[in-house]
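Engineer: Okay, handing you the structure first.
The values are calculated or read from the model by the stated rules, or taken from the named source; none is laboratory data. A quick note: this is a predicted structure, and the numbers were derived from the prediction, not measured. Reconstructed Cβ throughout: ideal geometry from the backbone, glycine too, with neighbour counts over all protein chains shown. Note: accessible area is taken over every heavy atom of the protein model, side chains too, but ligands, DNA and RNA are not part of it. Shrake-Rupley method; radii C 1.70, N 1.55, O 1.52, S 1.80 Å.
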Amino acid sequence: MNESTPDRYGVVGFPVHHSRSPLIHRLFAQQTAQHLTYELIEAEPGEFEVAVRGFGAAGGRGLNVTVPHKEAAFELAKDLGSEAREAGAVNTLTFKAGRLRGDNTDGIGFLRDLTQNLGRAVEGRRVLILGAGGAARGIIPPLLGGGVGRLVLANRTIERAEQVREQFRSLGAIDIARFDELAGEPAFDVVINATSAGLRGERPPFPGDIVGPDSFCYDLAYSRGDTPFVAWASEHGAGEAVQGWGMLVEQAAESFYIWRGVRPDTAPVIRELIDGRGGAR
Ligand code: NAP
């Protein structure tokens, strides 16, 4: 048995009590025989910096960062990984020799789930992203890097989509639209929901034309039952629609690798989370 003090990690967000990250990292640690703890840290926006610095000062080794702190974490980190720099957002903080490093593993996690776990190609495909917030910014670089045929970014607030297009101009072309402007477009090959629309009970505000029998729909959100977007996509005849459990586990695995230098096997962990909600992806 390992008698030494375990290394401390955690996730900081608001709210954060619902997070599955402690379970995921506990399963990774068991699987790879790493001696660590992983805790939930709830911090309101005004408390974020104090919470992070306090955790580091108490010997903490790393933190995942979730809604609404990813941009604040980007501002706080002294050293940045290339994905974090591109996305302008940080979801993984590492305390090392008195310096704070920021990485973003959301994009890698998304692409691994989509292409490796689910076997979906993006090269040459017509891809639609709904939403232009932090999560959308994380997944755009790997999609453009993966050679999408056409990338359309639609958002409720068009100015935000314009800003994102400008931010990524050097990486590739992005067409932008309001949701209603998508009506009449041929169905997309891949439709990704990166909005939080529908999570408060309202119907997702997208025209039904964007999905068809050959469309693959990926919801970054996840829940115990169907998410509103998955239910909406099925109702509108999408070929397949899945929730973001795989991305959640893959982005966590990449954070774990950054911190511990060991790559956990994600498949049994994804299976355990999906079994926990009754079996279907
Ligand atoms: P965010 O930065 O707050 O962005 C929210 C986005 O949703 C914005 O584009 C916003 O549009 C849009 N939106 C919110 N309410 C809407 C409504 N009623 N109608 C239409 N659009 C609406 O959030 P985020 O960090 O990008 O996260 C987005 C989603 O991805 C969340 O559900 C989050 O849980 C999920 N996520 C999952 C993973 C994973 O590992 N599976 C990782 C990261 C994020 P406006 O610009 O018009 O406000």
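Engineer: Once you charge only the Cβ atoms, +1 for Lys and Arg and -1 for Asp and Glu, what is the size of the charge dipole of the chain about its Cα centre, to the nearest 20 debye?
Structural biologist: 580 debye
Engineer: If you plug each phi of the stretch 113-127 into the Karplus form 6.51 cos²θ - 1.76 cosθ + 1.60 with θ = phi - 60°, what whole-Hz ³J(HN,Hα) values come out, in order, with x for Gly and Pro?
Structural biologist: Karplus-based 3J(HN,Hα) across the stretch 113-127 equals 5, 5, 8, 8, 6, 9, x, 9, 8, 10, 4, x, 8, 8, 10 Hz.
Engineer: On to the next question. Among 184, 141, 151, whose Cα projects farthest towards the positive end of the dipole of the stretch 107-243, with charges put on the beta-carbon of Lys, Arg (+1) and Asp, Glu (-1)?
Structural biologist: 141
Engineer: A further question on this structure: For the chain, what does -39500 (n - 2.57) per DSSP helix run (n ≥ 4), summed and divided by total residues, give at 222 nm, in deg cm²/dmol to the nearest 500?
Structural biologist: Value at 222 nm, helices only, nearest 500: -10000 deg cm²/dmol.
Engineer: Sort 31-42, 209-220 by packing, meaning the average of other beta carbons within 10 Å per residue, with the highest value first.
Structural biologist: 209-220, 31-42
Engineer: I'd like to know which of 74, 246, 229 lies farthest towards the positive end of the charge dipole of the chain, counting +1 on Cβ of Lys and Arg and -1 on Cβ of Asp and Glu.
Structural biologist: Working it through, the farthest residue towards the positive pole turns out to be 74.
Engineer: Could you provide, to the nearest whole Å², the per residue accessible area of the stretch 177-281 with probe 1.4 Å?
Structural biologist: Averaged over the residues of the stretch 177-281, the accessible area is 42 Å².
Engineer: I would also like to ask the following. Below 8 Å between Cα atoms, with a sequence gap of 6+, how large is the relative contact order for the chain in percent?
Structural biologist: 15 percent.
Engineer: Something else now. Once amide H atoms are built 1.01 Å from N in the peptide plane, which residues 5 or more positions from residue 8, or in another chain, come under 5 Å H to H?
Structural biologist: Close amide H contacts, sequence-distant or interchain: 37, 61.
Engineer: Compute the accessible area per residue over the stretch 1-148, keeping the other protein chains in place, probe 1.4 Å, unit Å².
Structural biologist: With the other protein chains kept in place, the stretch 1-148 gives 45 Å² per residue.
Engineer: Which of these, 52, 242, 67, has the largest mean-square fluctuation under a Gaussian network model of the chain (Cα springs below 10 Å)?
Structural biologist: 67
Engineer: Let me ask something else. Would you calculate the convex hull of the Cα atoms in the stretch 107-243 and tell me its volume per residue in Å³?
Structural biologist: 99 Å³
Engineer: Next question. Build a GNM of the chain with springs between Cα atoms under 10 Å: which of 226, 103, 113 gets the top mean-square fluctuation?
Structural biologist: For the chain, modelled as a Gaussian network with Cα springs under 10 Å, the answer is 226.
Engineer: Sticking with this one: Given a 1.4 Å probe and every protein chain left where it sits, what share in percent of the accessible area of the chain is carbon and sulfur?
Structural biologist: Within the chain, the accessible surface is 48 percent carbon and sulfur.
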